[in-house]
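S.K.: Okay, handing you the structure first.
The values are calculated or read from the model by the stated rules, or taken from the named source; none is laboratory data. Everything numeric here is computed off the predicted structure, so don't read it as measured data. Glycine also receives a Cβ, built like all others from the backbone with ideal geometry; neighbour counts cover every protein chain displayed.
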Amino acid sequence: MLQVDFQKQLEHFRLETKFELDKEILALVGSSGSGKTTLLNCLAGIVHPDTGQISLNGIDFFNHHQKPLKIQKRKVGYLFQDYALFPHLTVEQNILYAVPRKTDVSHITELTKILGITSLLAKYPHQISGGEKQRVALTRSLAAQPDILLLDEPFSALDDANRDRCQHELMRIHQQWQIPMIFVTHRIADAEKLANQILRIEKGQMTEEPVR
């Protein structure tokens, strides 16, 4: 269970968030600059709230009364909007970058099959398409077997065919892994298709949207 209740002062407004999420998919919708990515960054530990608390499965990620939990100890998978692949590493090396040595990688082999990237492992990022980069980045974000998955605009750079495929693959992974997933999107259609819960953020203020 993810429990979030924090405040963060941004340049033009105060981000105020409060919600709970079990093993479900949550969509964050809203206009650019409304605080959606900041919320993900606070969960991941890239930035810290001013006050409040973030906890996952009883472990405090952030509590303003104590030192924040380090990023490396949070077991958070994060798919960045620009995918953030290392250009000098192969696809396989990118995927294994954050995986400790001597780790059983059978789950990664299965992920590469599910996401259809087995044939890409020896290639470099500049040699593959945008849709393929997205699937490589998703595999990397899951490689360390996280307890929660965060995705920042995961479908924004994809055409309709690749968007549908990646959405199907994401839902399949969620059914298998049963972990909380939070994704940011501008497209309400994506939110309604994938999410069990939809939250809208505008200028730091959060409201719940009905799920159709």
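S.K.: Quick check on this structure: which one of 6, 13, 19 is within 24 Å of residue 187 (Cβ to Cβ), in contact with a Gly (Cβ under 7 Å, 6 or more places away or on another chain) and among the hydrophobic types (A, V, I, L, M, F, W, C)?
M.R.: Just a single option satisfies the conditions, and that option is 13.
S.K.: Condition (residue is modelled with pLDDT under 95 and at positive phi) applied to the range 37-56: is it met by at least one residue?
M.R.: no
S.K.: Within the range 64-100, take every residue that is in contact with a Gly (Cβ under 8 Å, 6 or more places away or on another chain) and not aliphatic (A, V, I, L, M) and give me the one that is farthest from residue 127 (Cα to Cα). Walk me through it before giving the result.
M.R.: Within the range 64-100, the subset in contact with a Gly (Cβ under 8 Å, 6 or more places away or on another chain) is 64, 68-71, 74, 76.
Keeping just the survivors that are not aliphatic (A, V, I, L, M) gives 64, 68, 70, 74.
Values: 64: 45, 68: 39, 70: 34, 74: 32 Å.
Ranking the candidates gives 64 first.
S.K.: (1) free of Cβ contacts under 8 Å to residues at least 40 places away in the same chain; (2) in contact with a Leu (Cβ under 7 Å, 6 or more places away or on another chain); (3) among the small types (Gly, Ala, Ser): which one isn't true of residue 141, the others all being true?
M.R.: Only one criterion is unmet by residue 141, namely (1).
S.K.: Are any of the residues in the range 115-131 among the basic types (Lys, Arg), closer than 21 Å to residue 175 by Cβ and at pLDDT 90 or above?
M.R.: So in the range 115-131, the residues among the basic types (Lys, Arg) come out as 123.
When the remaining residues are screened for being closer than 21 Å to residue 175 by Cβ, the result is none.
No - not one qualifying residue is present in the range 115-131.
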